[in-house]
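What follows is one structure encoded as structure tokens, with my remarks underneath.
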Amino acid sequence: MLKIENLHVKLEVEDKEILKGITLTVPDGEVHAIMGPNGSGKSTMSYVLSGKNGYQVTGGSAHLDGTNLLDMDPDERAAIGLFLAFQYPVEIPGVGNMTFLRTAVNSQRKARGEKELSSGEFLKLIRAKAASLKIDAEMLKRPVNVGFSGGEKKRNEILQMAMLEPKMCILDETDSGLDVDAMKLVSEGVNALRDGKRSFLVITHYQRLLDHIKPDVVHIMADGRIIKSGGPDLALEVENNGYADLLAEVA
């Protein structure tokens, strides 16, 4: 379970508060969506949870299954089950997908005190995962994200997620730049990983993604705070009416 309590965060390079008291709980097995206007702090929250540099936590806490995330390095957070899918996945020239994934998987297994996968065990596992997600085996032979389309980059992240088997998956605007067909394929990959135990925090601007990844709870964020939470109908309300009425309610 992800539990965030009264989290306050500012930029390190300037005295500007971005998160102004975020409180949020995502129980095991649930999918929660975060929506909000540009500049509301949605991506900042995902970066802070994953341990990205450049932010200073000035108050509050964030725990995953009772473990304090804010005291851990990014690799330690990943090892206990936190995964962040980026809005713009980076390219890593010269590093093959297979090499990258095997290194990541075995690094996390080692950190948890588990036996590392042999080459044969890893190959069998990644082929099965790729097939289940309808990912072409040729993608596995290419350098990480190099020459990939936007849809391929996002699907490659879903494969990474499937291989690492995290407890808590944060998707930061994973629909950004995708056409309808690519978004459907990515959504199918996410839905294939929903097992009743794994949790998801889906950050998005648009209802269209939530047509495919059905959330249990929708939260609206504005000016560094969550101003309203509700069921899937809340996303439809935003799609139809925008944020103006919701912002007026808390003004």
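Nothing in this text is a laboratory measurement; each read-out follows from the coordinates by a stated rule. Note that the structure is a prediction, hence the values are computed from the model and not measured. Note that we place each Cβ from the backbone using ideal geometry, even for glycine, and neighbour counts take in every protein chain shown.
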Given the conditions (1) without any contact (Cβ under 8 Å) to a residue 24 or more places away in the chain; (2) closer than 18 Å to VAL95 by Cα; (3) of a type in the set (D, E, K, R), and given that GLU116 satisfies all but one, which numbered condition is not satisfied?
(2)
Only one of (1) acidic (Asp, Glu); (2) touching a Phe, Trp or Tyr at 6+ places or on another chain (Cβ under 9 Å); (3) surrounded by fewer than 14 Cβ atoms within 10 Å (Cβ to Cβ) does not apply to ASP71, and that is (2)
State yes or no: is ILE213 touching a Lys or Arg at 6+ places or on another chain (Cβ under 8 Å) and closer than 10 Å to ALA33 by Cβ?
no
Can you confirm whether LYS214 is of a type in the set (Lys, Arg), within 20 Å of LEU49 (Cβ to Cβ), out of contact with any Leu (no Cβ under 6 Å at 6 or more places or on another chain) and surrounded by fewer than 17 Cβ atoms within 10 Å (Cβ to Cβ)?
no
Name the one entry in ALA79, ALA137, ALA111 that is aliphatic (A, V, I, L, M), in contact with a helix residue (DSSP H, G or I) (Cβ under 8 Å, 6 or more places away or on another chain) and either surrounded by 18 or more Cβ atoms within 10 Å (Cβ to Cβ) or in contact (Cβ under 8 Å) with a residue 60 or more places away in the chain (or both).
ALA79
